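*Asks:* Dumping the structure here so I can ask a few things about it.
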Amino acid sequence: MNAQASLFDLQGRAAFISGASSGIGLHTARMLAGTGAAVALAARRADRLDAVVADMRAAGHRACAVTLDVTDAAAIAPAWQEAEAALGQPIGILVNNAGVIHVERFVEQSPEAVSRVFDTNLKGAYLMAQEAARCMVQRGEGSIVNIASSSGLRAGGQMSSYGASKAALIHLTQIMALELAGKGVRVNAIAPGNIETDMHAEFAGIEQGILKRIPMRRFGKPSDLDGAMLLLASDAGRYMTGTVIPVDGGQVLSWM
Ligand SMILES: NC(=O)c1ccc[n+]([C@@H]2O[C@H](COP(=O)([O-])OP(=O)(O)OC[C@H]3O[C@@H](n4cnc5c(N)ncnc54)[C@H](OP(=O)(O)O)[C@@H]3O)[C@@H](O)[C@H]2O)c1
């Protein structure tokens, strides 16, 4: 491997991926393991995680499952510790990915719906990153990749709580980056467009209208995020912090 290619190598590293029981998180866990990282897969659906981890171990990867609800503040630090103990090494990469969507007009969204979205996408991501940062700062190195959304960069109808939570996560990314830059911890975000996962099913029936607003005229796949994910997680992104990378087929350029 030449010097540039080795920048992306995650051999010997460990990563924690929240929301790893499906979609982007599950794909990312497999992808990072494929590049040599040990991975901790966290989510609420333990049965799914156990099945995936069994597969990954059978394929020779180092992986563990951690049952975690990121809206349970008291559970976050123990989950991180459990992951480090199970992998047998400190974790230097957090993919802060757990998230939920709620699609409804602003005036109709119930307090429960708004709380669920903010508690998961913003408070959960905040506390997750806080725990990771505390541990990473002690070792003077680490990379946090927050999974935001193109909805956090541009307004979209019926996406008030979701879009606001992701816009706030982008702002949080920048503040964390500022505070942690001198301590060896980088914090960046990816803003995916429409990626084909379970979450995408929320848009059933209006796909053609959405496709018209995507210059590349196709929805993304979780694997379309691999390049940005690896760049930010690895030493290839060593001078990057506080950035937000849209991965959206150009959607953010032609929103309306
Ligand atoms: N798909 C898209 O078009 C798109 C676009 C932009 C951004 N994103 C973002 O990408 C991330 C992943 O979404 P996805 O598209 O892969 O959807 P997904 O398949 O529905 O995955 C969401 C993941 O989050 C986990 N999760 C939800 N609530 C949680 C909680 N309270 N605690 C722990 N884990 C929780 C789910 O696991 P459990 O249910 O097992 O807990 C699941 O693994 C989200 O942050 C989403 O906002 C997606």
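A short reminder: the numbers here are calculations on the coordinates, not readings from a lab. In this text the structure is predicted, and so the values were computed from the model without any measurement. A quick note on method: Cβ atoms are made from the backbone with ideal geometry, for glycine too, and the neighbour counts reach across all protein chains shown.
*Asks:* Enumerate by residue number the trypsin sites (Lys or Arg not before Pro) in region 66-146 meeting two conditions: DSSP loop (anything except H, G, I, E, B), and at most 11 other Cβ atoms within 10 Å of the site's Cβ.
*Replies:* Sites meeting the loop and neighbour criteria: 105.
*Asks:* With every atom except the alpha carbons ignored, what do you get for Rg and Dmax of the chain, in angstroms?
*Replies:* Spelled out, the Cα radius of gyration and Dmax of the chain are 17.4, 56 Å.
*Asks:* Using θ = phi - 60° and the Karplus relation 6.51 cos²θ - 1.76 cosθ + 1.60, list the HN-Hα couplings for region 162-173 in order, rounded to whole Hz, with x at every Gly or Pro.
*Replies:* Karplus-based 3J(HN,Hα) across region 162-173 equals 4, x, 5, 5, 6, 4, 5, 5, 5, 5, 4, 4 Hz.
*Asks:* Then there is this: If we restrict to alpha carbons, what Rg and Dmax does region 6-116 come to, in Å?
*Replies:* For region 6-116, the Cα-based Rg and Dmax read 15.4, 51 Å.
*Asks:* Toward the positive end of the charge dipole of the chain, about the Cα centre and with charges on Cβ (Lys, Arg +1; Asp, Glu -1), which of 234, 159, 40 goes farthest?
*Replies:* After comparing all options, I get 234.
*Asks:* Could you work out the helix-only [θ] at 222 nm for the chain, with each DSSP H run of four or more residues adding -39,500 (n - 2.57) and the total divided by the number of residues, to the nearest 500 deg cm²/dmol?
*Replies:* The helix-only estimate for the chain comes to -12000 deg cm²/dmol at 222 nm.
*Asks:* Which distance in Å, rounded to a whole number, links the C-alpha centroids of region 64-129 and region 153-211?
*Replies:* That distance is 14 Å.
*Asks:* Which distance in nm do the two modelled labels at residue 73 and residue 198 give, with both placed 7 Å along the Cα-to-Cβ direction?
*Replies:* Result: 2.7 nm between the two label points.
*Asks:* Rank by packing, highest mean first: peptides 219-232, 80-93, 144-157, 194-207, with packing defined as the count of other Cβ atoms within 10 Å averaged across residues.
*Replies:* Final packing ranking: 144-157, 219-232, 80-93, 194-207.
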